[in-house]
Amino acid sequence: MPLLRIKRLAVATIVIFAAPVAAGCGSDGDNGDGGQGAAPSPTATQTATQPPAAERTLTIRMTEFAFDPNDAIAKAGTVTITAPNDGRVVHELVLLKTDEDPATLPKKGDEVDESTSVGEIADVEPGSTKEATFKLAPGKYAMVCALPGHYEGGMYGSLTVE
């Protein structure tokens, strides 16, 4: 019976040494970082806060021949628009203040009438990104690429400013 006694002693030893380890896994306020005080993970209210007006940003990606998002939304005020060109040719983003459907904008000759332009991000080379800051009033805007053939190719979208 000495073999049975050795097995019992081995089991008892394991239980004795495992108990403190198991106790350390409880919820006694130690978050498992060894008392180093790791920062708590962000809560939904922390990530959902609106940045100050001066820090509002919007990214509009450009490809052949589209904007993404095609129907963007922004808050009124100062907005920085970042325009990466993910396409293979040069693009631009012209903002027009208009209630017109972006697909049926008035033209001057072969080009979109830019008389209601509030600004643009011009000549963004393929693989590059440019940005510009706009002071936007509430309302409807059209986004167009006014480079030859791009608007006709379907490169337009809308921006609603709330």
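Remarks
- Cβ-to-Cβ counts within 10 Å put 140, 135 in ascending order as 135, 140, the fewest first.
- Exposure proxy ranking, count of Cβ atoms within 10 Å, fewest first, for 162, 152: 162, 152
- Among 61, 88, the ranking by other beta carbons within 10 Å of each residue's beta carbon, starting with the fewest, stands as 88, 61.
- For region 58-94 versus region 109-147, the gap between their alpha-carbon centres in whole angstrom: 9
- Local charge for residue 139 was computed over the other residues whose Cβ lies under 10 Å away, with Lys and Arg +1 and Asp and Glu -1, and equals 0.
- Number of Lys-Lys pairs in region 53-161 with C-alpha atoms under 17 Å apart and a separation of 8 or more places or on different chains: 7.
No value in this document is a laboratory result; all are computed from the given coordinates. Computed from a prediction, not measured in an experiment: that's the story for all the values here. Cβ atoms come from the backbone with ideal geometry, glycine included; neighbour counts cover every protein chain shown.
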